[in-house]
Amino acid sequence: MSVQITSPQFKANARAALADAPLQQALSKVGLSFIGRRSAAAAKLPEFEALRDSARDIKNHTLAHLDLYLERYEQQVIAAGGHVHFAVDAAEARDIVTRICREAGARTVTKGKTMIAEEIGLNDHLEAAGIQPVETDLGEYLIQIRGEAPSHIIAPAIHLNKEQVEEDFRRVHAHLAPERNLSEPTSLLAEARGELRAKFLAADVGITGANFLVAETGTSIIVTNEGNGDLTQTLPKTHIVLASLEKLVPTLEDVSQLLRVLARSATGQDMSVYTTFSTGPRRAGDVDGPQAYHVVILDNGRSGMLAGAFREMLRCIRCGACMNHCPVYQAVGGHAYGWVYPGPMGAVLTPALIGIEKGANLPNASTFCGRCEAVCPVRIPLPKLMRHWREKEFERHLTPAPQRYGLAFWAFFARRGWLYRPATRLAMWGLSRLGKAKGRFAALPLAGGWTKYRDFPTPQGDTFQAQWQARRRAQAQGQTQRGGNR
Amino acid sequence: MTSSRDIVFASVRRALGATGQEAPRRQEVADRIAGHPRGIIPARADLPPAQKIDLFKDMVRAADATLDHLASVADVPLAIATYLRERNLPPTILRGADPRLAALPWASAPNLDVWIGPSDGRQLAGLSHAFAGIAESGTVVMLSGPDNPSTLNLLPDHHLVVVEAADVAGDYETVWTRIRAAYGPGVLPRTVNWITGPSRSADIEQTLLLGAHGPRSLHVLLVGAAL
Amino acid sequence: MTASPHTRPVSVGLFATCLVDTLRPSVGFAAAQLIEEAGCEVSVPRQTCCGQPAFNSGDRVTTRALAEQMIAAFETFDYVVVPSGSCAGMIKTHYPELFVGEPDWMPRIARFCDKVYELVSFLVDVRGMTRVSAAYDGTVTYHDSCSGLRELGIKAQPRTLLASVEGLELAEMADSDVCCGFGGTFCVKYPDVSNAIVEKKAANIIASHADTLLAGDLGCLMNMAGKLQRMGRDIKVRHVAEVLAGQGGDPAIGEPARADTALKQTAGTQGAQA
């Protein structure tokens with residue numbers, strides 16, 4: 001899908017999502033499936049928390065030596081007969097991929113699930129160049145035929161129900177018998193398998209992402225459950241890996257640590273079905289496998305993130321646990337975030353990649369409940385990083401005016417206790433008189449955001465500080481009087 | 001002209017405040033690659049051989065694969081014939097040229113039609129020999145090569161895998177050590193497939209279904225006793 | 001637990017929080033009573049806000065000023081106790097971030113933060129309290145507010161003390177550890193999303209069949225109470241300290257004050273003016 005950025009319209013997107021009944025029904029299942037399975041998988045492995053520490057440390061070490069691991073990785077890919085291409089930005093990555101496809105004489109390319117391809121808007125670009133991209137991950141295929149973007153990084157079609165899928169299949173697979181039964185997920189899956197099998201075998205180029213790149217061996221790794229990524233990279237003559245800088249890890253042992261937390265955090269499996277390590281093109285004597293192997297390594301703003309607080313975000317291994325556990329994501333789904341990466345990880349990454357001007361809503365649309373950080377397999381302090389974006393927004397005077405003035409008004413008093421105390425006493429006195437009879441307000445000036453959906457309690461009366469002092473004074477007086485009587 | 005490669009490296013180094021020439025940094029990286037330290041290894045797979053095999057069997061089945069434990073490699077052809085017959089599949093199987101598979105007593109299953117080569121997607125059943133099994137997750141490890149085409153792991157509806165009990169390791173790290181011993185440091189075969197159960201998808205309404213694009217069934221033929 | 005006669009009593013500075021100070025002083029009095037029952041001497045120094053709204057809005061300058069003000073007011077006490085996991089978490093886990101790289105401040109901040117506790121965790125973890133002498137006739141469900149739960153590890157402590165309240169029955173709701181959608185300024189910046197989250201929370205509260213909802217943070221409580229009341233649900237919503245201090249008979253959040261309590265407050269006000 002094209003990279004239409006609608007993040008500035010987050011509020012409108014969210015309202016639309018909340019009113020979308022099929023979407024709400026689909027989202028209601030996120031909690032039941034992902035959250036329960038993750039916690040069960042974590043509970044079964046006593047070393048899980050220690051592995052999270054290990055995963056964090058490996059990523060930190062790699063990022064601190066990223067230039068050197070990149071060098072080593074590149075050497076090893078070349079030694080294995082592959083090619084490495086560096087792309088500064090999305091446009092360059094698109095051009096590199098298109099050029100390789102053209103040189104391979106490609107008419108169709110199959111694609112495994114790659115978020116980088118979404119980030120750079122690859123499909124539109126390939127189509128414009130006369131090359132037909134075919135998404136092969138079932139979820140990606142479902143959204144490709146609808147012309148939509150993914151709404152989740154590991155479950156791209158999580159927003160759809162089976163009736164919508166049936167409708168799309170009847171429309172797109174018009175050559176199949178119209179009376180066929182597509183009422184169940186099993187029949188839908190069987191049809192997709194049949195349709196895509198032919199595409200796998202016919203494709204000239206296969207494009208996959210990479211969950212990890214291993215510097216030790218020059219290996220790219222994909223993790224899937226369907227096996228589509230393996231078919232994508234094994235059958236065509238050319239395999240292109242799309243990866244970003246931060247996918248590097250030093251060694252096979254290191255990646256084994258990360259793999260132990262990835263599937264458990266993502267789907268609650270001990271290990272995904274297919275974890276595939278690819279190193280270069282087919283070797284002498286091999287009877288299958290691609291004849292050419294290219295890796296495109298994308299920067300697109302990530303090297304800049306290395307310099308400051310956002311480096312921690314580059315530890316992300318794209319498991320999706322943060323969004324599965326996020327109350328905001330669960331309420332509005334992934335499309336509301338308005339770009340490729342939704343949920344808490346998107347709220348941190350998106351402003352870094354598209355700019356805080358466009359992405360400002362995302363780090364603000366969080367309750368800071370902290371559940372994302374609590375489940376992150378590489379312990380990214382996501383709320384802290386979202387707060388960093390709010391700081392940058394505030395420093396650059398991008399915070400919306402009502403919020404800014406409201407905050408300034410409140411801060412003026414909060415910083416002057418001698419004004420704050422009488423002012424709050426007066427305000428509470430007034431409010432408590434006004435709302436005494438009912439005990440709460442159904443509407444309040446300047447609090448429409450609150451009272452649109454909830455009542456606001458009437459203050460009990462005088463402030464705690466004033467009442468406390470009064471009591472203490474009364475007690476002291478009482479003691480003095482008692483003392484005087486003695 | 002400055003290449004994109006140079007721009008990316010310069011940008012990374014600027015952000016890290018490094019030149020790439022610092023001897024201690026280079027040494028640290030070289031040491032890590034050469035030493036490839038193991039991290040946290042789950043204790044659950046650190047078992048005596050017999051229990052390790054039991055764990056492997058349990059985990060294979062937990063991943064929705066099926067498993068036959070055979071006393072000897074000589075039992076493999078008959079076990080394949082039985083597997084196919086029980087599922088009403090034609091008695092035909094495609095295998096790689098692996099000498100370990102070639103050496104099986106195929107005559108013991110005279111009705112079984114055995115083909116050799118990579119899969120083009122038309123075969124219902126494929127047979128591979130695993131390099132190793134991994135007990136901690138019930139994973140089989142397949143290495144690509146002239147004798148073990150990767151397509152056999154992916155295209156047939158039924159993937160049958162011979163795993164020798166002696167090759168079952170507790171954890172992933174043990175297998176990397178063995179692969180390094182076989183291929184040399186820093187070298188991997190073109191493809192290493194870790195396979196844990198049959199293909200599946202939950203992309204439609206999060207309903208987990210087996211048999212997405214890869215094999216609908218994974219059947220492990222575990223051979224022999226633990227050493 | 002209690003100090004020996006030779007030592008001076010343990011001094012506690014009670015930071016009521018701005019919400020309790022302005023909207024629900026009864027929580028402050030309940031907290032003070034519980035701290036006294038735990039054998040400490042309570043003081044309420046002049047106070048405003050811990051700075052959390054500024055911190056979460058990205059305004060570091062204001063946050064820093066309020067943090068300094070807070071420290072100046074409270075650092076002489078043995079402990080600083082806060083009837084809110086969110087404000088206690090703000091101080092204990094986030095104040096140090098405001099002074100990073102300032103050697104003059106950092107040891108002072110570390111000493112200060114060590115003394116700061118959320119009320120219930122102070123009672124249980126610091127003072128070793130295992131029971132209270134209070135009664136409550138009702139079935140309660142307890143919401144684990146996010147900051148208290150995830151920043152300070154408060155989960156078992158309130159349940160321990162609630163189990164000792166005579167007549168009280170605890171009915172756990174589903175997802176008690178999931179956010180209620182309050183999120184400070186979030187609930188007014190993104191009212192629609194906040195509402196969707198609190199609707200789910202309200203459904204879980206209702207499904208627990210409890211007649212009372214308790215939690216340790218007034219912001220969350222007001223959010224949930226306001227939603228339940230807007231839905232026309234007759235579920236009483238209270239700060240956990242009120243029930244632990246035996247004040248469970250007073251009007252709940254959003255309920256009209258009865259004549260006698262109104263009188264009591266007026267008397268207090270007149271006292272202050274006298």
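The values are calculated or read from the model by the stated rules, or taken from the named source; none is laboratory data. All values reported here derive from a predicted model rather than from experimental measurement. With ideal geometry, Cβ positions are generated from the backbone for all residues, glycine too; neighbour counts draw on all protein chains shown.
For the range A:333-359, a residue qualifies if it is surrounded by 23 or more Cβ atoms within 10 Å (Cβ to Cβ) and touching a Pro at 6+ places or on another chain (Cβ under 9 Å), and the qualifying residues are A:Gly333, A:Gly334, A:Ala336, A:Gly338, A:Val340, A:Pro342, A:Pro344, A:Ala347, A:Val348, A:Thr350, A:Pro351, A:Gly359.
If I filter the range B:101-116 for residues that are touching a residue at least 40 places away in the same chain (Cβ under 8 Å), surrounded by 14 or more Cβ atoms within 10 Å (Cβ to Cβ) and touching a strand residue (DSSP E or B) at 6+ places or on another chain (Cβ under 7 Å), do I get at least one hit?
yes
For the range A:103-146, a residue qualifies if it is within 20 Å of the chain's Cα centre (by Cα) and farther than 20 Å from A:Ile222 by Cα, and the qualifying residues are A:Gly121, A:Leu142, A:Ile143, A:Gln144.
Among the residues of this structure, B:Val162 counts as one that is surrounded by 21 or more Cβ atoms within 10 Å (Cβ to Cβ) and touching a His at 6+ places or on another chain (Cβ under 6 Å).
Screening the candidates C:Val80, C:Val61 for the property of being more than 13 Å from chain A (Cβ to nearest Cβ) and either modelled with pLDDT of 95 or more or in a helix (DSSP H, G or I) (or both) yields one hit, C:Val80.
Within the range A:106-127, residues that are without any contact (Cβ under 8 Å) to a residue 12 or more places away in the chain reach partners that are not small (Gly, Ala, Ser) with beta carbons closer than 7 Å, at six or more positions or on different chains, in the pairs A:Glu127/A:Pro133. On inspection, A:Thr458 fails the criterion of being surrounded by fewer than 13 Cβ atoms within 10 Å (Cβ to Cβ) and among the hydroxyl-bearing types (Ser, Thr, Tyr). The set of residues in the range C:77-93 that are over 12 Å from C:Phe55 (Cα atoms) and either in contact with a Phe, Trp or Tyr (Cβ under 7 Å, 6 or more places away or on another chain) or without any contact (Cβ under 8 Å) to a residue 60 or more places away in the chain (or both) comprises C:Tyr79, C:Val80, C:Val81, C:Val82, C:Ala88, C:Thr93. Say we look at the range A:77-97 and pick out the residues that are assigned to a helix (DSSP H, G or I) and more than 27 Å from the chain's Cα centre (by Cα); which of these is farthest from A:Val109 (Cα to Cα)? Filtering first and then ranking leaves A:Ala79. Taking the range C:142-169 as the range and being away from chain A (no Cβ under 13 Å) and without any contact (Cβ under 8 Å) to a residue 40 or more places away in the chain as the test, the residues that pass are C:Ala156, C:Gln157, C:Arg159, C:Thr160, C:Ala163, C:Ser164, C:Glu166, C:Gly167, C:Glu169.
Determine if the range A:308-319 includes at least one residue that is assigned to a strand (DSSP E or B) and in contact with a Gly (Cβ under 9 Å, 6 or more places away or on another chain). Even if it seems obvious, please write down each step before you answer.
Taking the range A:308-319 as the starting set, the residues that turn out to be assigned to a strand (DSSP E or B) are none.
The answer is no; no qualifying residue exists.
Take the conditions (1) facing chain C (nearest Cβ under 9 Å); (2) more than 25 Å from C:Gln47 (Cβ to Cβ); (3) under 17 Å from the mean Cα position of the chain (by Cα); (4) not aliphatic (A, V, I, L, M); A:Arg379 misses just one of them, which is (1). Of everything in the range B:149-170 that's assigned to a loop (DSSP other than H, G, I, E, B) and within 13 Å of the chain's Cα centre (by Cα), which residue is farthest from A:Leu258 (Cα to Cα)? Among those residues, the one meeting the criterion is B:Pro149.
Within the range A:46-66, the set of residues being surrounded by 19 or more Cβ atoms within 10 Å (Cβ to Cβ) and facing chain B (nearest Cβ under 8 Å) comprises A:Leu51, A:Ser54, A:Ile58, A:His65, A:Leu66. The residue that is nearest to the other protein chains (Cβ to nearest Cβ), among those in the range A:416-437 that are surrounded by 19 or more Cβ atoms within 10 Å (Cβ to Cβ) and basic (Lys, Arg), is A:Arg421.
Take the conditions more than 30 Å from A:Phe310 (Cα to Cα), modelled with pLDDT under 95, in contact with a strand residue (DSSP E or B) (Cβ under 8 Å, 6 or more places away or on another chain) and assigned by TED's automatic domain parsing to the domain that holds A:Thr108 and apply them to A:Pro236. Does it pass? Can you show your working first?
Details: more than 30 Å from A:Phe310 (Cα to Cα): yes; modelled with pLDDT under 95: no; in contact with a strand residue (DSSP E or B) (Cβ under 8 Å, 6 or more places away or on another chain): yes; assigned by TED's automatic domain parsing to the domain that holds A:Thr108: yes.
Spelling it out, it is not the case that A:Pro236 is more than 30 Å from A:Phe310 (Cα to Cα), modelled with pLDDT under 95, in contact with a strand residue (DSSP E or B) (Cβ under 8 Å, 6 or more places away or on another chain) and assigned by TED's automatic domain parsing to the domain that holds A:Thr108.
Of the residues A:Pro445, A:Pro459, the single one that is more than 19 Å from A:Pro422 (Cβ to Cβ) and assigned to a loop (DSSP other than H, G, I, E, B) is A:Pro445. Listed by position, the strands (runs of 3 or more DSSP E) inside the range A:220-307 whose residues that are surrounded by 24 or more Cβ atoms within 10 Å (Cβ to Cβ) and more than 7 Å from every other protein chain (Cβ to nearest Cβ) number at least 1 are A:238-244, A:292-298.
In the range B:169-227, which residue that is in contact (Cβ under 8 Å) with a residue 40 or more places away in the chain and charged (D, E, K, R) is nearest to A:His294 (Cα to Cα)? Restricting to residues being in contact (Cβ under 8 Å) with a residue 40 or more places away in the chain and charged (D, E, K, R), the top hit is B:Arg190.
Taken as a whole, the structure places A:Gln477 among residues that are modelled with pLDDT under 95, within 9 Å of chain C (Cβ to nearest Cβ) and out of contact with any strand residue (DSSP E or B) (no Cβ under 7 Å at 6 or more places or on another chain). Of A:Thr108, A:Thr114, A:Thr136, all but one fail to be surrounded by fewer than 24 Cβ atoms within 10 Å (Cβ to Cβ) and either in contact with a strand residue (DSSP E or B) (Cβ under 7 Å, 6 or more places away or on another chain) or within 22 Å of A:Arg302 (Cα to Cα) (or both); the exception is A:Thr108.
Taking the numbered list (1) surrounded by 18 or more Cβ atoms within 10 Å (Cβ to Cβ); (2) over 22 Å from the mean Cα position of the chain (by Cα); (3) more than 19 Å from A:Arg282 (Cβ to Cβ); (4) at the interface with chain B (Cβ under 10 Å from one of its Cβ atoms) in turn, A:Glu71 passes all entries but (1).
Can you work out which of the residues in the range A:74-101 that are more than 9 Å from chain B (Cβ to nearest Cβ) and free of Cβ contacts under 8 Å to residues at least 40 places away in the same chain is surrounded by the most Cβ atoms within 10 Å (Cβ to Cβ)? So the residue we want is A:Arg94.
From the list A:Pro156, A:Pro185, which one is crowded, with 24+ Cβ neighbours inside 10 Å and at pLDDT below 95? The unique qualifying residue is A:Pro156.
Inspect the range A:17-35 for any residue being modelled with pLDDT of 95 or more and either in a loop (DSSP other than H, G, I, E, B) or outside the structural domain of A:Glu140 (by TED's automatic domain parsing) (or both) and give the result as yes or no. Checked the range A:17-35: at least one residue is modelled with pLDDT of 95 or more and either in a loop (DSSP other than H, G, I, E, B) or outside the structural domain of A:Glu140 (by TED's automatic domain parsing) (or both). Criterion applied to C:Gly181, C:Gly153 was being small (Gly, Ala, Ser) and within 22 Å of A:Asn13 (Cβ to Cβ), and the one residue passing it is C:Gly181. Would you say A:Arg197 is modelled with pLDDT under 95 and among the charged types (D, E, K, R)? Judged against the criteria, A:Arg197 is a match. Scanning for something more than 19 Å from the chain's Cα centre (by Cα) and within 14 Å of chain B (Cβ to nearest Cβ), does the range A:4-17 turn up at least one residue? Within the range A:4-17 (the criterion being more than 19 Å from the chain's Cα centre (by Cα) and within 14 Å of chain B (Cβ to nearest Cβ)), the answer is no, since none of the residues qualifies.
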